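Below is one structure, written out as C-alpha cells; the observations come after it.
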Amino acid sequence: MHELNWGLLIVVYLFLGGLSAGLFFAAGLANYLEVDGQPAYPRIARMGALLAPWPVAIGSALLILDLGNMLRFYKLFTHFRWESPMSIGTYLLTVFTLIAFVYAFSWLPEDWRRSLFGKVPATWKLVHRLNVDISAHRKTIAMVGFPFSIGVGIYTGVLLGAVSARPFWNTNLVAQMFLFSALSSGAAALLLAMVLNKREPIETHETKFLITLDIVFIVLELFIILPYLIHGTLSVLAVKQALWLILGGPYTLVFWVFFMGLGLLVPLAIEVYELAPSLLKGKPFHGDRNLALAATSLVLFGGFLLRYIFVYAGQASSFHKMGLLH
Amino acid sequence: MAMKKRRYALVIDSRKCINCKACVVACKAENGVAVGNFRDWINEDRQGEYPKLRMDFEPEQCHHCESPSCVRVCPTGASWQRKDGIVLVNYDECIGCRYCMIACPYDARYFVEETGVVDKCTLCSHRVDRGDVPACVETCPSKVRIFGDLEDPASRIHELLATRRYRVKEPQTGNGPQLYYLL
Ligand code: SF4
Ligand code: SF4
C-alpha cells in the first residue's frame, strides 16, 4: 500500500536550503569578527555572502518541479496556514532568499555592480534606481538575516519532524540535527570554495577559522545524533521499529559507514588533526590544502546523505506495520 | 431552522468479511477510481499453518479522523474537513506536494499522475448528501459495513457502539480515527 512519495528532489532541496542557511550564517559571522578594529575575515565574509543565495534559489526551483501541479505553486503564497510546516516554511524561505540576495548585492565589488547594470538597457529607469552602494549596511543586513538563516536550517528538519505519522522523524531532535548539519555544510562549502579559488589563495588564518567553525558544528551535530539514537532505542515500540531501519535494517550501512563514518567522523578527525597542534601545543597552523579539500567534500557528502537517509527511511517508518517491519 | 449537528462514521464488523472485494469494486465504479489506485482495500492477516489456521480480513479506507493530520499539514488548505467529519480534497486547490500522503498514518491517500493531485475516499459525500449510504456500504453482501451519524441517538451505529465492544486502529497516532471495528 505504501510507497515513497518524496524522492531525490526533496532530498536535494532540503540539502540546498540548509546549505544556504549555513553559508549565510558563516559569512555573517565572519563579517562581525574583528581584530584590532579591523575586519578579521573580510574575504570569507564576501565569498559566503556571494554564494549564499544560490543553493536555496536552485533548491526552491527543484521543489516546484517536484509538485504534481507545478503551475499552481503560486497557491503556496495565496494561503497562510500556520499549522502546516510547509506553509510557514514557504514564507520563511522566501524572506530568507530575498535577504540573502540583498546581502550578496551589498558585497558586490564596485566594478561587478557597474558591469551588471551596464547590461540593463538605459531606458529601464526603475531598475537603474537599484544601482546604489549599500555596502555600509552589511552588518545590519547580516543581523536581520541571522534569525532567518537559523529558521531555514531548523525548518528543513521541522518539515519532517512535525509529521506525527512517521515515528522515524517525529522527535524534537531532528530540527536541531538538520540545523547543525546545515551550519556545518555551510562552513565546509565556504572553505571548499576558498581553497578552490586559485586567484586569491586562501590564507592560513582563514582556513583555521573555518575549520574551527566546522569542528564546533560537527560536534554539536554529534551531540544531537547520539541522544536521537539512545532516546529512540529506549522509546515506544513504533519508534524502536523505525530506528531499526538504521540499526540492522536497509539503511544501516549507509547510515553508519557512509554518513556517520565518512560523512562525519572522518572529516572531524581530519579537521581535529589539522587544528589540534596549533591549539594545544602552540605550533603554527599549516592548513594543508588537500586535507581541507578532502574534509570539506566529505562534510558536504555527509550532509546530503543525512537528508537522504531521513527522507527515505522516514517514509518507510509507520505505525501501520506494528510487529511486521520488513 | 437550525442545522442539526452531524458526525458521520463507519462501523465495521470485520469478522463477517469474506474478502469478496465487492466494496473495492463498487467504490471504483462509483467514483471512477483509476486502475492501480484504491480508496478502500482489505487487509489480510494469516496466522498459523493448516489445519491450525486463522485468517482475518479487515476492510480499511480513510478513517475520516477527528483531528486529521493530513488536513493539518496541507499548505494550501486543499485538504479540508466538513462539519459532519468527512475529510475531502479540493482538487482545484491541490498543488500535488503530497505532504498529506506522508502525514496520513493510515496511508489512505493516493496520487493521481494524470491530474497531479491527491485523492482519497470521500465517504461518497455525493451520495450521503442526497440521503444514500456510501457505495461500499450498499454493496457489501455480508453486511460488514454500517454507515451512520454518531450524533443521531436513533441510528444503528449509535446503538452498536453503545452496546458492542469495538476498537479503532492505532489510536496512538492521535488522529481520532472514525472507523470502528467491532470485536
Ligand atoms: S485516515 Fe489519513 S487521509 Fe483519512 S482523515 Fe485520517 S489522516 Fe486524513
Ligand atoms: S498534495 Fe494537495 S491536498 Fe495534499 S498537502 Fe499538498 S496541496 Fe494539500
Going through (1) farther than 28 Å from A:Ala187 by Cβ; (2) loosely packed, with under 12 Cβ neighbours inside 10 Å one by one, A:Asn131 fails only at (2)
If you check B:Gln61 against the conditions, is it of a type outside the set (Asp, Glu) and within 16 Å of ligand 2 (Cβ to nearest atom)? no
Filtering region A:48-69 down to residues that are open to solvent by 90 Å² or more (accessible area, probe 1.4 Å) and either within 14 Å of chain B (Cβ to nearest Cβ) or touching a Leu at 6+ places or on another chain (Cβ under 7 Å) (or both), which residue is nearest to A:Gly145 (Cα to Cα)? A:Ile58
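Conditions tested, residue by residue: (1) within 19 Å of A:Phe259 (Cα to Cα); (2) at pLDDT below 95; (3) not in a helix (DSSP H, G or I).
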site: A:Leu190; (1), (2), (3): no, no, no
site: A:Lys198; (1), (2), (3): no, yes, yes
site: A:His205; (1), (2), (3): no, yes, no
site: A:Leu213; (1), (2), (3): no, no, no
site: A:Phe217; (1), (2), (3): yes, no, no
site: A:Leu220; (1), (2), (3): yes, no, no
site: A:Gly232; (1), (2), (3): yes, yes, no
site: A:Ile246; (1), (2), (3): yes, yes, yes
Need the failing condition index for B:Leu53 against (1) within 15 Å of ligand 2 (Cβ to nearest atom); (2) more than 10 Å from chain A (Cβ to nearest Cβ); (3) of a type in the set (A, V, I, L, M), just the number. (1)
Hits in region B:98-129 - residues which are within 23 Å of A:Ile88 (Cβ to Cβ), among the hydrophobic types (A, V, I, L, M, F, W, C) and either surrounded by fewer than 18 Cβ atoms within 10 Å (Cβ to Cβ) or within 10 Å of ligand 1 (Cβ to nearest atom) (or both): B:Cys100, B:Met101, B:Ala103, B:Cys104, B:Val118
Considering only region A:29-46, state which residues are assigned to a strand (DSSP E or B) and either among the polar types (S, T, N, Q) or within 15 Å of A:Thr204 (Cβ to Cβ) (or both). A:Val35, A:Gln38
Filter region B:130-145 down to residues that are open to solvent by 30 Å² or more (accessible area, probe 1.4 Å) and touching a strand residue (DSSP E or B) at 6+ places or on another chain (Cβ under 8 Å), then give me how many there are. 1
If you go through region A:213-224 one residue at a time, do you hit one that is aliphatic (A, V, I, L, M) and in contact with a Lys or Arg (Cβ under 9 Å, 6 or more places away or on another chain)? no
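Residue-wise test of (1) surrounded by 14 or more Cβ atoms within 10 Å (Cβ to Cβ); (2) part of a helix (DSSP H, G or I); (3) free of Cβ contacts under 8 Å to residues at least 40 places away in the same chain; (4) among the aromatic types (Phe, Trp, Tyr).
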site	(1), (2), (3), (4)
B:Ile18	no, no, no, no
B:Lys28	yes, yes, yes, no
B:Val35	no, no, yes, no
B:Asn43	yes, no, yes, no
B:Gln47	no, no, yes, no
B:Leu53	no, no, yes, no
Does B:Ala162 satisfy the criteria of being open to solvent by less than 10 Å² (accessible area, probe 1.4 Å) and more than 14 Å from chain A (Cβ to nearest Cβ)? no
The one condition in (1) within 30 Å of B:Ile102 (Cα to Cα); (2) open to solvent by 60 Å² or more (accessible area, probe 1.4 Å) that A:Leu305 fails to fulfil: (2)
Could you please give the count of residues in region B:69-97 that are away from ligand 1 (no atom under 12 Å from the Cβ) and buried (at least 18 other Cβ atoms within 10 Å of the Cβ)? 9
Test for A:Phe255: is it in a helix (DSSP H, G or I) and open to solvent by less than 10 Å² (accessible area, probe 1.4 Å): yes
Being buried (at least 18 other Cβ atoms within 10 Å of the Cβ) and of a type in the set (A, V, I, L, M) is the requirement here; does A:Ala136 meet it? no
Could you please find all residues in region A:70-95 being crowded, with 19+ Cβ neighbours inside 10 Å, without any contact (Cβ under 8 Å) to a residue 12 or more places away in the chain and of a type in the set (S, T, N, Q)? A:Ser84, A:Ser87
All helices (runs of 4 or more DSSP H) inside region B:67-178 with 2 or more residues being within 17 Å of the chain's Cα centre (by Cα) and within 16 Å of ligand 2 (Cβ to nearest atom): B:69-73, B:99-103
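The values are calculated or read from the model by the stated rules, or taken from the named source; none is laboratory data. Please read these numbers as outputs of a predicted model, since none were measured by experiment. Every residue, glycine as well, gets a Cβ built from its backbone with ideal geometry; the counts of neighbours run over all protein chains shown. With ligands, DNA and RNA removed, areas are computed over all heavy atoms of the protein, side chains included. Shrake-Rupley method; radii C 1.70, N 1.55, O 1.52, S 1.80 Å.
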